[in-house]
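These notes concern the structure reproduced below.
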Amino acid sequence: MSSQDTPVMQPAGGKTADKVFKGIAYACGILILVVLAAVFLFLFFRAWPLIGGDQSANSATISSFTGGKTNSFWGYVLPLLFGTVLVSILALLIAFFISIGIALFISHYAPKKIATGLSYVVDLLAAIPSVIYGLWGGLILVPAIYPFWNWVATYLGWIPLFAGPAANPQRTVATVAVVLAVMVLPIITSMSRDIFLQTPTLQQEAAYGLGATKWEMIKLAVIPFGKSGIVSASMLALGRALGETMAVLMILSPGLTYSIKLLQASQNQTIAANIAAQYPEANDLGVSTLIGTGLILFLITFVVNYAARKITEKASV
Amino acid sequence: MGQRIDVNHENIYYGDFLAVEDVNINIEPNKVTAFIGPSGCGKSTVLRTLDRMHELIPGAHVEGEVLLEGKNLYDKDVDPVSVRRDVGMVFQRPNPFPTMSIRENVLAGVRLNNKHLSKSDADDLVEWALRGANLWNEVKDRLDNPGIGLSGGQQQRLCIARAVAVHPQVVLMDEPCSALDPISTLAVEDLINELKDDYTIVIVTHNMQQAARIADFTAFFNLKAVGEPGHLEYFADTTTMFNNPQNEEAERYISGRFG
Amino acid sequence: MGQRIDVNHENIYYGDFLAVEDVNINIEPNKVTAFIGPSGCGKSTVLRTLDRMHELIPGAHVEGEVLLEGKNLYDKDVDPVSVRRDVGMVFQRPNPFPTMSIRENVLAGVRLNNKHLSKSDADDLVEWALRGANLWNEVKDRLDNPGIGLSGGQQQRLCIARAVAVHPQVVLMDEPCSALDPISTLAVEDLINELKDDYTIVIVTHNMQQAARIADFTAFFNLKAVGEPGHLEYFADTTTMFNNPQNEEAERYISGRFG
Amino acid sequence: MAEATKKKNLDGAPVIDFDKFRPTRSSENSRKRKDLFMTGLIGLAFVIACIPLVSVLWTTIVNGLKRLNLNFLSYNMTGVVGGNPTPSGGYGGVVHAIIGTLEITGGAMVISIPIGIMCAVYLVEYAHGGKLAMTISLLVDVMSGIPSIVAGLFAFSMFTIVFGPGTINGIEGSVALSLLMLPTVVKSCEEMLKIVPNDLREASLALGVTKQRTITKIVLRTALPGIVSGCILAIARVIGETAPLLMTAGYISSTNVNLFSGQMTTLPVFVYQEYSKLNANCPVHATSACVPTIPMERAWAAALVLIIIVLVLNLIGRLVAKVFAVKTER
Amino acid sequence: ACGDNTASTSSNGSSSSATKSEPVSGDFQGAGASSQQAAVEAWIAGFQGNNPDAKIAYNPSGSGAGVSTFLTGATAWAGSDKALSDDEVSQSKAVCASGAAFDVPVYISPIAVVFNLKGVSDAGKHINMDASTIAKIFDGKITTWNDDAIQSQNKDLKLPATPITVVHRSDKSGTTQNFVSYFKDAAPNDWSYDLSENWPNSVGQGAKGTSGVISTVQQADGTIGYADFSQVGKLGTVAVKVGDSYNEISAEGGSKVIEDSKLDDTATGENRVVVKINHETEAKGAYPIVLVSYMIACPAYKDAKNAEFAKSWLTYVTSDDGQKAAQDAASSAPLPSSLTSKITKSIEAIKTK
Ligand SMILES: Nc1ncnc2c1ncn2[C@@H]1O[C@H](COP(=O)(O)OP(=O)(O)OP(=O)(O)O)[C@@H](O)[C@H]1O
Ligand SMILES: Nc1ncnc2c1ncn2[C@@H]1O[C@H](COP(=O)(O)OP(=O)(O)OP(=O)(O)O)[C@@H](O)[C@H]1O
Ligand SMILES: [Mg+2]
Ligand SMILES: [Mg+2]
Ligand SMILES: O=P([O-])([O-])[O-]
């Protein structure tokens, strides 16, 4: 065919489109920064009366929130923070090993057909709304789990965490942690499953080729490969647990202490559930106070995620 | 028709790292020029500066001149996108677009540039390119099947067809056969031999027999030590290079040959 | 010392697909046996049945016998884990464990059985294996660097060191040099030559010159057509295979050689 | 064979007594036991997890099926008084909540998916790990941990500050949800773009195709199935949000199709409100058609509808992903 | 709109004597107390019977949120479990066309003290208690069911030694405030806490919303809590000591207390009808623990339509028809006749045109 003697390097079309597209991409990248700043600023703005407003009115508001137990903002928010972290960490602890187990089960143990089905179920479960977990936790799990926790309190009560007597009904931190664990389990499972499935066959065969058993292969090839993925999955899970509202609201009997008695009622409360519980009846200043606690929650999740991300970065280098 | 390339005093960097130093080479039109040399000496790097693919790597840049028919590719007013249209490239691993059929793969270069082709023009172009790539007979009945479904050798020829379909003047190939089995390799080598009537061809290869078989000129790159920049050690026509090299390093490298 | 392997009437399946049919072959101890043949004929597949790696692919299974010094690997009472310890394997692409240091890579296999290796035992073993793999001098000063930081050829030799460190009787290699440059290839070939004093070696290669250079026996696999099962077409000592093959297909394949 | 004489490799190598490393029976057994034990443990993890998961689904299905019928799906809650049946013979329904859910999540998608995809494009295709990009991708990670209630407070604060106090409408809910979706979309798109082999970009660029067209026609096209399923996961994450919508979108018993004005009910909010009602009153003179437990029954039925919507979305997503599945090598 | 259940005009249309005015039409919004929700639903249905073109939405977002929203002018009226504060009254001047907002009681509902005790509540029996006993229980001073203080008031019951689990609201709630205000008045010595919508101590367990309290009480033996009368279901209820007798919970009992109560003269502002519940009433058959919930409206609106609507709406709600509808839907107590004239006067004061 003819070689049409095109002039060398005539300018190509599409340069403007190229520039515009690049500009949009950049703008969207920057937008992330803007949005985060906006979240902070709007919350801060609404919470401003806490700092810049009439302090005696603030004290009165907080005192009305706590039934007079405290009238300082920190006295109010710190126990909430403690409760939030306590519940989330417990949930993560419960969910972590089970999730990794299921992920391995799906990726390396179950026959392919079953594994596909299981993955699908797990993905679906990740999407079950928290309000449904709240219903289920409050109405089904609470009465069902009492005998178990009662047993724990009876025989393991010497561990301060399990100090009895177990509250009946079990609207306690322990039960909430179980529900939250169920809620975050699909997150960790599906993310680590995806990572495990991506483990290079070459690595796995290298391990098998040395005479490793299946579990040894997993330790040699799969886990090291998936480590940073697992950390970031757990981080996401922790984030979700920290901010979970409805399930906690609908199950937990709250309290404002620094107690770690997991099996007793009215010990701790989480920030998110507290906001949801107080918001409907709050007046303007009350809303500011709650938004103030929300700002703290925001900063905390920010710090946790930031730290976790740094850990992941270090691990993956 | 192929065009000539002249490289003058070219230094190639990855960020601050000088990967290849002071390359001077004249690549003749409508000939096959092979680049050989030990691993890491910069063959691929030099090749990729010939169609400005090199600068796609963040931080990478080039000093010196690369003249395509006398016009410096690295002049300010030159659009790299159009350079790449004039200088096609085929890669080590066959890389047809997985979302596209065989036919669409061949047309990709034209279509993606938003050129509208009539159905009959497109059909003609597909047939012409696939015939040119020695693939027409094998695939003519399944042009609408995905390109990824072909065998490795067929995929590589499909990539060559895709490259020639945009009518380049020069075709660069970076170890096009290293992922192929011997039979497919033969097919691709035959094809290269035929292509040089229409194009200037530059090919990187690890396989000296391959260079000996298909190249008109051979450039031997070398590097003093790992971490040092690579350089063009010796450039000659292929017969001289393999039978009577006037360069000790080249001789040593070639006589250490095997395979 | 190496052990012999006898394969009798082996059929190999991927699910319902019969990939390789009726293989009978006797692999001599302390010799290098090369598998050659066109792509897809089942070389890798057969190789992987020799240490029961094949069955790791879901649905894959084997019929027939593979006798290691007379003992059928596929007997009910045989634990595939211990088979794989006695029969080591080296893969096409080097695959050191990315999170481990060079040292830990070498020890990975041994650690499985010896949780508490004394430091001196471990040091000795690492040195022995790395020397055996011709790598000691290059890496002895940086045993604690990650194995993944080595060059391709070094990585492949590291994998060989890792395989021999568990002291297998047989070492299987699936195109161990195909991802390597010529110089690294030479180093690995030298190494194979030395290893056969201690091990029985089976190697798959695309490169007939390589087979000719290093193998004592060569098995030529073939396949009638794509989709048909592959089979062992011809098995002979290497000299016969390359100089005077008594099999037409083998002759055609080998004389179509190049490279 | 006299080893040392022949092998140059092993000159100077320590002599190893390999018998020392031979596996002993006990070590073999303990390895086998450990393997078995771990297999058991992993299986057990699975069984343990199944109990609550099955229980949740089972409870919802059994309780939900009782009131899930066409009437429930085609009426809203206007004119529903106590436990009494409506003129149509039903006990109210969720059509308004389904519409609200679809519109509000739709709004969130429209906001966050284009931004998310373009942000991922920026991170993967343009930024090349520069400082700004590192910061952005870090902040995206951080953002994915924003609690939903904070997102609700944010949207509430923003709308009340910008559009005046008391503003409550569907789009406000969409904004809250899009804040939650955005990081998920960015992250999954980023992953998907990253696994598009660089070969393909180079192949396209080498054909003289501009970067923009390479990205839209090759990279995004190749990553499409992954992006679609990523976006579906993101939707699934937000479609069940309750708390932020209570603050931002409000609650109404009639159908509101205008996303930009007036309150909107979504399914999760509906579930929660019905749960809050718990029982309806049946006056002494009421007929047997009056059902005092109707609010809880509606709550479960709506929960089931919600789960079904999520399921169908998932199915659609998977189907799309399958139909357009792109096989890239290895 | 789409999916509406067409209101049944027949049920409430029979006696439309009270409202002869022109039917109102348009979209109207209200928000506030969740306690009123069931009643409001019934009122909306009834009101639409006479005003088929009026579209009314009520968001049970909570009293606080309802009042805040009302004070921004976004809603035509607010429902609230407590009367406006002075502050709120003055803020409302900015929203109302003239004058300040006022509140009228619309919904009176007895608060039940519910319990779950094997052998007692499941046998359908009541337990008698006086204010001080209830206060002590809810303050954690009495911890078992067979405590003398309880047993002595229930001679005919054999009470078990089951420990008492108190269940209270965990969210801010008007129910809580009304409940504890009963202690403050009737057993001041046994209840030292400030009046608040939040539960003041950490005795027992908290649960979200009335529904949470009820389901918690149902879940275990030995629980006791408080909840709106309409939600009692099969749980046992405490008969409260009034004068010398123990009165079971009933709607009429609730009305009687209000009848026997005075207006709160500390509530400043025109047209306001704020009840100061007389928890120490000795009226025969009275049940002293009640929640009084208000509707808040402006005397004059910037939007004439809203004014027309508010007047007509409040008139209907406080009419006999309206109160009857609420009784059916939420088993509330009817407004006592002692209040109706004041309420009517306040509503009449809304300026239309
Ligand atoms: N993306 C990159 N970033 C930084 N350095 C690079 C990059 N690619 C190549 N180099 C370096 O540039 C030098 C030349 O590499 P190049 O790939 O051109 O060698 P080559 O001759 O093609 O080798 P091979 O035969 O293995 O393909 C090497 O030192 C290499 O490490
Ligand atoms: N995992 C697998 N599942 C199904 N079929 C497979 C699988 N691996 C290989 N096959 C099929 O088995 C046959 C033999 O393949 P094998 O990889 O053993 O050939 P080979 O001779 O090693 O080829 P090559 O030289 O390309 O490595 C081929 O038809 C191949 O398609
Ligand atoms: Mg190269
Ligand atoms: Mg193979
Ligand atoms: O109506 P409540 O304030 O008790 O929720």
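The long axis of helix E:37-50 is offset from the longest Cα principal axis of chain E by roughly 30 degrees.
Specify the angular offset, from 0 to 90 degrees and rounded to the nearest 10, of the alpha carbon long axis of helix E:320-330 from the longest principal axis of the alpha carbons in chain E. So the inclination is approximately 40 degrees. Highest mean packing comes first when the peptides B:91-99, E:235-243 are listed by Cβ atoms within 10 Å, giving B:91-99, E:235-243.
For chain A, the mean residue ellipticity at 222 nm estimated from helices alone is -24000 deg cm²/dmol, where every DSSP H run of n ≥ 4 contributes -39500 (n - 2.57) and the total is divided by all residues, rounded to the nearest 500. Nearest 5 percent is fine: what portion of the DSSP beta bridges confined to the protein assembly as shown is antiparallel? The answer is about 55 percent antiparallel. With unit charges on the beta carbons (Lys and Arg positive, Asp and Glu negative) and the dipole taken about the Cα centre of chain D, which residue among D:C189, D:I252, D:T60 sits farthest to the positive side? Checked the options; the winner is D:C189.
Just to confirm my numbers, what's the Cα centroid distance between the range A:277-304 and the range C:182-259 in Å? First find each Cα centre; the distance between them is then 74 Å.
Would you please put E:86-93, B:164-171 in order of how densely packed they are, using the mean number of other Cβ atoms within 10 angstrom per residue and starting with the highest? If you can, show how the numbers build up before the last one.
Details: E:86-93: 17.0, B:164-171: 24.0.
Ranking the peptides E:86-93, B:164-171 by packing returns B:164-171, E:86-93.
The angle between the Cα long axis of helix A:15-52 and the main principal axis of chain A comes to about 10°, on a 0 to 90 degree scale.
A simple spin-label model places pseudo-atoms 7 Å from Cα toward Cβ; at B:E194 and D:L311 they are separated by 5.8 nm. When DSSP beta bridges are restricted to pairs lying wholly in chain E, around 60% turn out antiparallel. Ligands, DNA and RNA are left out, and with a 1.4 angstrom probe the accessible area of the range D:70-324 is 29 Å² per residue. Note: relative contact order over chain B, using C-alpha pairs below 8 Å and six or more positions apart, is 28 percent.
Annotation for C:D181, label-to-label distances across the other copies: 2.9 nm (shortest first, one decimal, point 7 Å from Cα along Cα→Cβ).
How big is the gap, in Å, between the Cα center of the range D:276-306 and the Cα center of the range E:280-322? If we compute the Cα centre of each part, the gap is 26 Å. Listed by chain and number, the lysines whose alpha-carbon sits under 17 Å from that of C:K196, ignoring those within fewer than 8 places in the same chain, are C:K31, D:K6, D:K7, D:K8.
The other copies place their C:L56 label points at 3.4 nm from this one, listed shortest first, where each point is 7 Å from Cα along Cα→Cβ.
With R₀ fixed at 60 Å, the C-beta to C-beta distance from D:V15 to A:A38 puts the FRET efficiency at about 0.25. In order along the range A:60-66, phi translates into HN-Hα couplings of 4, 4, 5, 5, 6, 5, 9 Hz, rounded to whole numbers, per the Karplus curve 6.51 cos²θ - 1.76 cosθ + 1.60 with θ = phi - 60° and x for Gly and Pro.
A simple rule links phi to the HN-Hα coupling: the Karplus curve 6.51 cos²θ - 1.76 cosθ + 1.60 with θ = phi - 60°, which for the range D:200-212 gives 5, 4, 5, 4, 5, 4, 5, 7, x, 8, 5, 4, 4 Hz, with x for Gly and Pro. Per residue of D:269-276, other chain Cβ atoms within 10 Å of the residue Cβ number 6 on average. Between E:D27 and E:E280, the FRET efficiency estimated from the beta carbon spacing at R0 = 60 angstrom works out to 0.85. Model label points for E:A97 and C:N11, set 7 angstrom from Cα along the Cα-to-Cβ axis, are 9.5 nm apart.
For the range E:31-80 versus the range D:131-170, the inter-centroid distance based on Cα atoms is 30 Å.
Please name the residues of the range A:89-113 whose accessible area, counted over protein heavy atoms with a 1.4 angstrom probe, falls by no less than 50 Å² between the chain alone and the full protein assembly. At a threshold of 50 Å² (probe 1.4 Å), the residues of the range A:89-113 that become less exposed are A:I98, A:F105, A:Y109. At q = 0.04, 0.07, 0.08 Å⁻¹ the log10 of I(q)/I(0) for the protein assembly as shown amounts to -0.36, -0.88, -1.03, computed by Debye summation with a single uniform scatterer per C-alpha, solvent ignored.
Counting charges near C:N244 (Lys, Arg +1; Asp, Glu -1) among other residues having Cβ under 11 Å from its Cβ returns a value of -2. Peptide A:251-259 has a mean of 4 when you count, residue by residue, the C-beta atoms of other protein chains within 10 Å of its C-beta. Remark: accessible surface ordering of D:M134, C:M1 (largest first) is C:M1, D:M134, probe radius 1.4 Å. With the Kirkwood sum run over all distinct C-alpha pairs, chain D has a hydrodynamic radius of 24.3 Å.
Cβ distances below 4.7 Å define possible disulfide partners, and in chain E the cysteines left without one are E:C2. Considering only alpha-carbon pairs that sit under 8 angstrom and 6 or more positions apart, the relative contact order computed for chain D is 24 percent.
Dipole magnitude of the range A:75-316 about its Cα centre, charges +1 at Lys/Arg Cβ and -1 at Asp/Glu Cβ only, in debye to the nearest 20?
Values: 12 positive and 8 negative charges, 98 e Å.
In debye, rounded to 20, the range A:75-316 gives about 480.
How much net charge surrounds D:Y126 when only the other residues with a Cβ under 9 Å from the Cβ of D:Y126 are counted, with Lys and Arg +1 and Asp and Glu -1?
Details: positive: A:K22, D:K211; negative: D:E125.
Neighbour charge sum, excluding D:Y126 itself: +1.
Helices in chain B, meaning DSSP H runs of at least 4 residues, each add -39500 (n - 2.57). Divided by all residues, the mean residue ellipticity at 222 nm is -10000 deg cm²/dmol. Just A:I100, A:I51, A:I296 to compare: in a GNM of chain A, with alpha carbon springs under 10 Å, which one fluctuates most? It is A:I51. Contact order for the range A:160-307, expressed relative to its length and based on alpha carbon pairs under 8 Å spaced 6+ residues apart, stands at 33 percent.
Each copy carries a label point for B:N145 at 7 Å from Cα along the beta-carbon vector; from one copy to the others these points are 4.7 nm apart, nearest first. A 1.4 Å probe, protein heavy atoms only, puts the accessible area of D:C282 near 40 Å². Treating each Cα of the range D:80-213 as one equal point scatterer and applying the Debye formula with no solvent, the log10 of I(q)/I(0) at q = 0.18, 0.20 Å⁻¹ comes out as -1.03, -1.14.
Springs between Cα atoms under 10 Å define the GNM used for chain E, and in it the highest mean-square fluctuation of E:E41, E:E280, E:E270 occurs at E:E270. Computed extension gain for E:S245 through E:T340, at 0.36 nm per residue and net of the alpha carbon distance, reaches 31.3 nm. Around the amide H of D:T293, modelled in the peptide plane, lie the amide H atoms of D:A280, all under 5 Å away and 5 or more residues distant in sequence or on another chain. On the principal axes of its alpha carbon atoms, the range A:75-316 extends 66, 39, 33 Å, with the longest extent given first. Considering only B:M100, B:L56, B:M89, the residue lying farthest towards the positive end of the dipole of the range B:53-139 is B:M100, judged by Cα position with unit charges set on Cβ.
Take the Cβ-Cβ distance between E:D264 and A:Q55 as r, set R0 to 25 Å, and report the resulting FRET efficiency rounded to the nearest 0.05. With a Förster radius of 25 Å, E is 0.30.
How large is the convex hull of the Cα atoms of the range E:98-139 per residue, expressed in Å³ as a whole number? Provide the component values of the computation, followed by the final result.
Working: hull volume 6.0 nm³, N = 42.
Each residue corresponds to 143 Å³ of Cα convex hull volume.
Considering only E:L117, E:L314, E:L157, the mean-square fluctuation computed in a Gaussian network model of chain E, springs between alpha carbons under 10 angstrom, is largest for E:L157.
The values are calculated or read from the model by the stated rules, or taken from the named source; none is laboratory data. Computed from a predicted structure; not experimentally measured. For neighbour counting, all protein chains shown are included, and Cβ atoms are generated from backbone atoms with ideal geometry for every residue, glycine included. Side chains included, ligands, DNA and RNA excluded: accessible areas come from the protein's heavy atoms. Shrake-Rupley method; radii C 1.70, N 1.55, O 1.52, S 1.80 Å.
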